[in-house]
1. Would you mind telling me which numbered condition in (1) surrounded by 19 or more Cβ atoms within 10 Å (Cβ to Cβ); (2) under 24 Å from A:THR116 (Cβ atoms); (3) out of contact with any helix residue (DSSP H, G or I) (no Cβ under 6 Å at 6 or more places or on another chain); (4) modelled with pLDDT under 90 A:SER155 fails?
2. Give region A:262-301 a look and list any residue that's of a type in the set (Gly, Ala, Ser), surrounded by 24 or more Cβ atoms within 10 Å (Cβ to Cβ) and more than 14 Å from chain B (Cβ to nearest Cβ), or say none.
3. When you look at A:LEU488, is it closer than 25 Å to A:ALA242 by Cβ and not polar (S, T, N, Q), yes or no?
4. Quick one: A:SER202 ticks every box in (1) closer than 28 Å to B:ILE9 by Cα; (2) at pLDDT 85 or above; (3) among the hydroxyl-bearing types (Ser, Thr, Tyr) except a single one, so which number is it?
5. Would you confirm whether or not region B:54-70 contains a residue that is under 30 Å from A:GLN292 (Cβ atoms), at the interface with chain A (Cβ under 10 Å from one of its Cβ atoms) and modelled with pLDDT under 95?
6. Would you check if there is a residue in region B:46-54 being within 30 Å of B:ASN102 (Cα to Cα) and assigned to a loop (DSSP other than H, G, I, E, B)?
7. What about B:GLU108, is it farther than 20 Å from B:GLY31 by Cβ and surrounded by fewer than 14 Cβ atoms within 10 Å (Cβ to Cβ)?
8. Anything in region A:1-56 that is in a helix (DSSP H, G or I) and either touching a strand residue (DSSP E or B) at 6+ places or on another chain (Cβ under 9 Å) or acidic (Asp, Glu) (or both)? List them, or say none.
Amino acid sequence: MILAPVLPLLISMAFGVLCFCVRDSKFLRSLSNLGALAVVAAQAWLALQVFTSGPIDFALGNWKLPFGIGFFVDPLAVIMGLISSLMVLAAFVFSLGFWPKASASLKSQKGFYVLTHFLMIGVYGSFFTGDLFNLYVWFEVLLISSFALLGLDPSGRSQSATLKYAVLNLVGSAFFLLGLGLVYNSSGTLNWQDLQSLESLSPQITWAAFLLFFAFLMKSAVFPLYSWLPTSYPSLAAPSLALFAGLLTKVGVYTLIRFFGTGFPGAESMTFSMLALGGLTMILGVWGAAIQKNTKSILSFHIVSQIGYMIVALGTGTALGLTACIFYLIHHMVVKTNLFFIAGYLEKKYGHTDLEYLGEGRHHLLLGFLFAISALSLAGYPPLSGFWAKLIVLESLVAHQAYFWAGLSLFVGTLTFYSMSKIWFEAFQKKKTHSIPSQTLTGFQSFTMLGPIVLLSVWTLAMGLFPSAFLPYAEEAVRILIDQAGGLP
Amino acid sequence: MSLIISATIAWLFGFGIYLLLKPSFLNLVLGVALLGHSVNMSLFYLGGLKTGTTAIIPEGSEVLLPTQLDPLPQALVLTAIVIGFGMQAFLLVVAAKASKSNNTASVEKMGGDL
């Protein structure tokens, strides 16, 4: 169908507005889930089209390039889009159990569902667009929805987290815009395909590239611009937190792959600085996690550390590195969302996220088993998806002769395992030291909360047992990327 | 003229960063606003400065003459200004709410995680 690339955006927008108009909370929840399901269907169909007949070029409003804004939907974009939509569906199902009908007011539930739909417009728009300024606009849509989602909770802690998150991300946006202006001035175009194929660019394109690089690093939470993440994420409620963790920084990594993975025209050597930046991100993230005493804080720092793995793979500047980064993205989006769901389940059942107050989780065999799968996958144990993801990253590093960073990534894996075992022992093994009564959850609650956790764990296991079923998609995406760029630097 | 505009952009940017680093939440919001203004102005500047012409197709012609202004950066700046305006409005409300909920006007004392 002619509108296929914009269909996920239109559906999200429609359901966001519809959910806003609904008055009954039961209908609201069903409607949102229906919307998420519809988007998954649209994304799957788009993915089918792109993988069978090649990338789609879509001109908004039928204005031909170079005057119009173009959507360029290639395999990388649809992979990201499809997995994001599946994570949204999982988060909505999880929220059905996390916020049972009676517990939260209609207003706050509406806030979550409507704003998440609007958030996803920005996310899908960022994935599909082929124009730099259009990317800025989708980033801002994404950003303002995330501000509102953060600010939904009126407590002082959430509000100060929102303020810090907002200010740091707005500074990043300002740098993005500045770089954008310089790109336009140097090359006369903002369309990425045109930019890649231009022969002569004025020397100030290097400055433009640096400013854009800065903005994307800020968005991806890479050293030295990652501090906004552990400051703001732990104050979120579990369903939104799982979404934020699984999606927002990945949009940043996606833009880094798209614009710097194959070398920004005029600034190809910037790719290699990602080796050092990624390495430092890995180690600082996991050191930060090692001293935290709260499940959400630990997992937030781990997001930073895992982003480091992806950036370090990108920094090799090779096709293998790009494949590693994309495979890692797929693995990480699923595992991180799953871990945050588990943390949310523990919070719901035992009422706390502090490790000191948790315990007695050993009575809950299924959850312990599922946590073990996700945690070991994060740490990189076979036969789970994390093992293959880290192995391919290591291979690309060794092939590029970056032995120090390869060794560092192994060391960081050990520290990741230490962190996860800390949560394991505190939350699942030890006897409770404080007597906090555990909530009894209804069958429906358990089902809707555990259901997504089980399915995502099965995905992790499947990806670990059959990596050759997932790798060709990443390789195809890389092939198209390199084709478009006309070769690697 | 380009010297004056460059100087203004630089001054706004520098002052915006200076305000961002101050502890009071109101300075924070003003700093972000100034940063946004300076970047918008630089976008406008980077689109090319000419006096005495417009970005509108003249009577009797079908395309823009090469001596005229480029309309695209003007469109970009308009979009950026509107987006910035929305962001600043939201930021002001959040800052005021955060200050009230934490009973302090200093961002440093607001605490929270980290």
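The values are calculated or read from the model by the stated rules, or taken from the named source; none is laboratory data. Please read all numbers here as calculations on a predicted model, not as lab measurements. Backbone-built Cβ (ideal geometry, glycine too); neighbour counts: all protein chains shown.
1. Exception for A:SER155: condition (1).
2. Once the filter is applied, which keeps residues that are of a type in the set (Gly, Ala, Ser), surrounded by 24 or more Cβ atoms within 10 Å (Cβ to Cβ) and more than 14 Å from chain B (Cβ to nearest Cβ), region A:262-301 yields A:GLY278, A:GLY279.
3. Numbers: closer than 25 Å to A:ALA242 by Cβ: no; not polar (S, T, N, Q): yes.
In short, no.
4. That leaves (2) as the condition not met.
5. Taking region B:54-70 first, the residues under 30 Å from A:GLN292 (Cβ atoms) are none.
No, because not a single residue in region B:54-70 is under 30 Å from A:GLN292 (Cβ atoms), at the interface with chain A (Cβ under 10 Å from one of its Cβ atoms) and modelled with pLDDT under 95.
6. Going through region B:46-54, the residues within 30 Å of B:ASN102 (Cα to Cα) turn out to be none.
No: region B:46-54 contains no residue that is within 30 Å of B:ASN102 (Cα to Cα) and assigned to a loop (DSSP other than H, G, I, E, B).
7. Numbers: farther than 20 Å from B:GLY31 by Cβ: no; surrounded by fewer than 14 Cβ atoms within 10 Å (Cβ to Cβ): yes.
No: the conditions fail for B:GLU108.
8. Filtering region A:1-56 down to residues in a helix (DSSP H, G or I) leaves A:4-21, A:25-53.
Passing the criteria: A:ALA4, A:PRO5, A:VAL6, A:LEU46, A:GLN49, A:VAL50.
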